[in-house]
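*Asks:* Can you read through this structure? Questions will come right after.
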Amino acid sequence: FDTLIERPFFNADDTFSFLSREVNRQDARPFYFDFASERKNAERKARKLSMLENGNTEIALKDIYRILVQDTALTEEEAARIMQREIELEVKFCRKRSAGYTLYDYALRRGKKIICVSDMYLPSDILKNILKKNGYTQIEDVFVSCEEHAGKGDGLFSAVLARLHLCPKNILHIGDNYGADILKPSELKMACLLYTSPSPRDSTSS
C-alpha cells in the first residue's frame, strides 16, 4: 500500500465511512449505526488484546469483526456479510500507483524476482488478488503481518529471509515508511530505498 497500490481517498479510513452508509441503507435500522467509528474502535481494541496475548499488535480482519460482534448489536451473520463487503470494497477501490508500477516493470525487465511485504490485516490471497487486478501479475510471493504474526518492525523481514533462504545483501527493499521500510531492514543489512507516498491530492486525481 502506497508503494505499488493506492486508495482513492484522503484517508484510508474513508473506506469505513463509505461502508457505514451502505450498512445503514441496506439494513434499514431504526437508528443510525456509526459503523466507521465502531470499526476503528474494534481494530484498536483487537490490537491491544493481541499485544496482551501475543506480545505484538498484528491482527487479522476476522479478529476485528469478532470484537465488533462482542461490543455492538451486530450478529455474527451481519458481521460476516459486512466483512465480506469490506473486502470487496478494498478490491474495488485499490488501484495501481503508476510510479510504483514503473519500478515494478523496470525490475521485471532487469530479471529481478519481486516479493511484497505488508503490515496489513487482510490475508495474502486478498492482497494477491488486488495486485493481480492492477497488473502486478508476476509477484513471486506476498508476506503479510497478520499471517506471519510479526510486523515489519518486529520480525516480518526476518521471517521472509528465513522462509525464502535469502541473503540480505541480495535484496533491495522499497517502501514509503522510513521507520518500518528503511531502518528495520537496514538493521538486517538489506539495501533500502525510501519511496515517498503519494499525497492525498495525488491519490484522488484522475
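*Asks:* Out of curiosity, is Leu89 touching a residue at least 60 places away in the same chain (Cβ under 8 Å), open to solvent by less than 50 Å² (accessible area, probe 1.4 Å) and not in a strand (DSSP E or B)?
*Replies:* Yes.
*Asks:* Further question: I need a count of the residues in the range 179-192 that are without any contact (Cβ under 8 Å) to a residue 12 or more places away in the chain and either touching a His at 6+ places or on another chain (Cβ under 7 Å) or exposed (fewer than 13 other Cβ atoms within 10 Å of the Cβ) (or both).
*Replies:* Of the residues in the range 179-192, 1 are without any contact (Cβ under 8 Å) to a residue 12 or more places away in the chain and either touching a His at 6+ places or on another chain (Cβ under 7 Å) or exposed (fewer than 13 other Cβ atoms within 10 Å of the Cβ) (or both).
*Asks:* Continuing with this model, one more query. Working carefully through the options Tyr121, Tyr178, find the one that is out of contact with any Phe, Trp or Tyr (no Cβ under 8 Å at 6 or more places or on another chain), within 18 Å of Ser197 (Cβ to Cβ) and of a type in the set (Ser, Thr, Tyr).
*Replies:* Tyr178
*Asks:* Further, regarding this structure: Scan (1) touching a helix residue (DSSP H, G or I) at 6+ places or on another chain (Cβ under 7 Å); (2) hydrophobic (A, V, I, L, M, F, W, C); (3) surrounded by fewer than 18 Cβ atoms within 10 Å (Cβ to Cβ); (4) over 22 Å from Ile5 (Cβ atoms) for the single condition Leu49 breaks and write down its number.
*Replies:* Failed condition: (1).
The values are calculated or read from the model by the stated rules, or taken from the named source; none is laboratory data. Given the structure is predicted, the values throughout are model-derived calculations rather than measurements. All Cβ positions, glycine included, derive from the backbone under ideal geometry; neighbour counts span all protein chains shown. Note: accessible area is taken over every heavy atom of the protein model, side chains too, but ligands, DNA and RNA are not part of it. Shrake-Rupley method; radii C 1.70, N 1.55, O 1.52, S 1.80 Å.
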